[in-house]
Structure formats: C-alpha cells, structure tokens
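Before any comments, here is the structure.
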Amino acid sequence: MRKFLAISALFVFATPVWAAPKTVTLLVPTMYCEVCPITVKKALSKVPGVSQAKVDFEKRQATVTFDDAKTSVKDLTRATEDAGYPSTLAASAK
C-alpha cells in the first residue's frame with residue numbers, strides 16, 4: 001500500500017517539462033541560385049528537433065519549426081553555415 005501511495009504522490013507532484021515548439025525565421029542572404037534552398041533545407045532538416053523547414057529563395061530566408069528542448073537558434077545557424085550559407089535570426093523573431 002505504501003508503494004502505491006509513493007508512486008501516486010510522484011505522479012501528482014511531479015511537474016512534467018514539456019518542450020514548446022518554436023518557429024523562427026532565418027535570413028540567408030548568400031542563396032544565389034535555385035539549388036541553394038535545397039541545400040539549406042537539407043542542412044536544417046538534419047538538425048535534431050527540427051520538425052519543419054521552409055526555404056524561400058526570393059526572400060532569401062528560411063522558416064524553421066523546432067523543439068526548443070532539443071536544439072537552439074545557434075544550432076540552426078551553425079547548420080546553415082556548415083552547409084556554406086551563413087544565416088542570422090530575422091529581427092522580428094528576436
């Protein structure tokens with residue numbers, strides 16, 4: 001009986017930590033051809049925690065949805081830079 005109460009108390013008082021999905025826009029000014037967005041999207045999609053990456057060639061930006069418990073904006077910008085396309089966080093998302 002004590003075991004049951006201890007386990008029940010654990011569930012009642014334990015506060016789960018839920019990661020919130022976050023969406024940011026990255027500016028990628030060095031995309032000069034129509035193949036560049038494919039490379040940027042692949043690089044972002046490989047980052048753990050990224051659930052969606054949309055890249056707009058005309059606007060030279062990427063919109064990324066990710067789990068902020070698994071990755072960060074720094075990881076996203078590092079991924080694009082490692083692929084040859086440095087990026088920065090858009091001003092409106094800061």
Practice item. Considering every residue within the range 32-51, establish whether at least one is in contact with a strand residue (DSSP E or B) (Cβ under 8 Å, 6 or more places away or on another chain), more than 18 Å from residue 82 (Cα to Cα) and at pLDDT 95 or above. Key: yes
Review point. Among the residues of the range 62-94, how many are over 14 Å from the mean Cα position of the chain (by Cα) and either assigned to a strand (DSSP E or B) or surrounded by 18 or more Cβ atoms within 10 Å (Cβ to Cβ) (or both)?
Key: 2
Review point. Do any residues in the range 37-63 that are of a type in the set (Phe, Trp, Tyr) have Cβ atoms under 8 Å from those of residues that are surrounded by 20 or more Cβ atoms within 10 Å (Cβ to Cβ), where the two are at least six apart or on different chains, and which pairs are they?
Key: 57/31; 57/37
Exercise for review: Take the range 17-35 and flag every residue that is over 16 Å from residue 88 (Cβ atoms), more than 12 Å from the chain's Cα centre (by Cα) and either surrounded by 12 or more Cβ atoms within 10 Å (Cβ to Cβ) or hydroxyl-bearing (Ser, Thr, Tyr) (or both).
Suggested key: 32
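The values are calculated or read from the model by the stated rules, or taken from the named source; none is laboratory data. Keep in mind that this is a model prediction, so the values were computed, not measured. Ideal geometry is used to build each Cβ from the backbone, glycine not excepted, and the neighbour counts take in all protein chains shown.
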